[in-house]
1. Of the residues GLU146, GLU214, GLU185, which is outside any helix (DSSP H, G or I), modelled with pLDDT of 95 or more and not hydroxyl-bearing (Ser, Thr, Tyr)?
2. I'm trying to understand the selection: among the residues of the stretch 167-182, which are assigned to a loop (DSSP other than H, G, I, E, B) and among the hydrophobic types (A, V, I, L, M, F, W, C)?
3. Can we say GLY369 is modelled with pLDDT under 95 and either surrounded by 16 or more Cβ atoms within 10 Å (Cβ to Cβ) or part of a helix (DSSP H, G or I) (or both)?
4. Among the residues of the stretch 279-286, are any touching a helix residue (DSSP H, G or I) at 6+ places or on another chain (Cβ under 6 Å), over 30 Å from LEU326 (Cβ atoms), in a loop (DSSP other than H, G, I, E, B) and of a type in the set (A, V, I, L, M, F, W, C)?
5. Can you tell me which residues in the stretch 255-275 are of a type outside the set (D, E, K, R) and either assigned to a loop (DSSP other than H, G, I, E, B) or free of Cβ contacts under 8 Å to residues at least 24 places away in the same chain (or both)?
6. Looking only at the stretch 91-105, count how many residues are in a strand (DSSP E or B) and either within 28 Å of ILE345 (Cβ to Cβ) or over 26 Å from the mean Cα position of the chain (by Cα) (or both).
7. For the structure I just gave you, tell me whether ALA80 is among the small types (Gly, Ala, Ser) and free of Cβ contacts under 8 Å to residues at least 12 places away in the same chain.
8. Determine whether the stretch 131-140 contains at least one residue that is part of a loop (DSSP other than H, G, I, E, B) and over 30 Å from ILE346 (Cβ atoms).
Amino acid sequence: MSFRKNLSNLFGWRTKRKIVVFESDDWGSIRTRSKLDYEEMLKKGLNLQTSHFNKFDSLESNSDLTSLFSVLSSYKDSTARNPVFTPMCLLANPNFEKIKSNDFKEYYYEPFTETCKKYPEHDMVHSLWLEGIKRRLFVPQLHGREHLNVARWMGALKNDDTGLKLGFNHGSIGATFFNNIKLPEHLAAFDPESPSDIEFYKDVILNAGVLFEEICGYKPQHFIASKSPEPKCMELPLSQIGVKYLTRYKVQKYPLGNGKFDWQFNWLGKRNKLGQIYLTRNSGFEPSDKSINNPVARCINEIDNAFKWEKPAIISTHRVNYIGFLDVNNRGNGLKFLSQLLKKIIEKWPQVEFMTSAELGDLISQEYGKKK
């Protein structure tokens, strides 16, 4: 294990318990609308094949969720509970029809539950989210309102950016190159061009909190921004909607606008002035990324390193690994590797406990409370 990996586990809260958390980003968001749209966009010059996200990721379908639940429910930890995902969710998507009908003059969004109605195999997705919550297999937390930098995306569309317009016309976001020319970055929802953007972000967070509670039935407790970190001042509106736990990089780069940043060193269990607790990921599991050799062994090694430093293993694993709506083989491979990973974890560490991010945050908070 590299010096960097050991260093990343050196500081912060410790426990002798073998705790594993799966944090999975991007649920509820659109990406590539359909296989036909993918093929048409390729023909027109969008270089989608260079990204496994553009190639495989889409709004999760009924089958994607039932297949994931089937794997998770096949295993149990030392407490007789199933492995559980903490899906970091987006609650809304752009309303393409309304934006176009208003000649790109204004941005409109729709709850992800409305987006599901426009897709052919998604009529049960919301009810499956609720089933996952009830069964403690899939317990959502907050990733933002939409996986989109609204101002940057709308600005490019108004200026007739050909590449982004192509994606728009196919109900898709996320393309990075058009005819090998880089497109404007538009997925980092809270990355300000100028300080004036930050007030808009605060409204987005407050709105996301309302949508989250309406869709999931409880307030969000945990947050990580989509694509890249949010300004540090966003911690206040996040606390106002109920967020107590924040996933942070060990070295966090907080954007200020105008190309300026603040930097902060973080560790597991660090608390900010609002009493929010920072969680830090220390493992990864991305089987759909073909550049990663043997994702199971790599993840096992990272879990082992976390446990050696008496840290919970907090695993980053994106939705794209479990999506078969565009390519059923992608989902099949992802779930096969997930099953192998769960089996190896339970065999190697029989005392393992699978937790949600919020459960881990609660544990850290409770132990801090006892020390007072």
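The values are calculated or read from the model by the stated rules, or taken from the named source; none is laboratory data. These numbers come from a predicted model, not from an experiment. Heads up, the Cβs are rebuilt from the backbone with ideal geometry, glycines too, and the neighbour counts pull from every protein chain shown.
1. Values: GLU214 fails: outside any helix (DSSP H, G or I); GLU185 fails: modelled with pLDDT of 95 or more.
Testing whether each residue is outside any helix (DSSP H, G or I), modelled with pLDDT of 95 or more and not hydroxyl-bearing (Ser, Thr, Tyr) leaves just GLU146.
2. So the first thing to find is which residues in the stretch 167-182 are assigned to a loop (DSSP other than H, G, I, E, B), and the list is 170-176, 179-180.
Those that are assigned to a loop (DSSP other than H, G, I, E, B) and among the hydrophobic types (A, V, I, L, M, F, W, C): ILE173, ALA175.
3. Details: modelled with pLDDT under 95: yes; either surrounded by 16 or more Cβ atoms within 10 Å (Cβ to Cβ) or part of a helix (DSSP H, G or I) (or both): yes.
Yes, satisfied.
4. Looking for residues that are touching a helix residue (DSSP H, G or I) at 6+ places or on another chain (Cβ under 6 Å), over 30 Å from LEU326 (Cβ atoms), in a loop (DSSP other than H, G, I, E, B) and of a type in the set (A, V, I, L, M, F, W, C), one finds none in the stretch 279-286, hence no.
5. Listed by number, the residues that qualify are ASN258, GLY259, PHE261, TRP263, PHE265, ASN266, TRP267, GLY269, ASN272, LEU274, GLY275.
6. Here is the first cut: in the stretch 91-105, the residues in a strand (DSSP E or B) are 92-94.
After this cut, where a residue has to be either within 28 Å of ILE345 (Cβ to Cβ) or over 26 Å from the mean Cα position of the chain (by Cα) (or both) as well, the list is none.
Going through the stretch 91-105 one residue at a time, the tally reaches 0.
7. On the way: among the small types (Gly, Ala, Ser): yes; free of Cβ contacts under 8 Å to residues at least 12 places away in the same chain: yes.
Taking the combined requirement at face value, the residue satisfies it.
8. The first filter runs over the stretch 131-140 and keeps only residues part of a loop (DSSP other than H, G, I, E, B), leaving 135-137, 139-140.
This time we only want the ones that are over 30 Å from ILE346 (Cβ atoms), so: none.
No.
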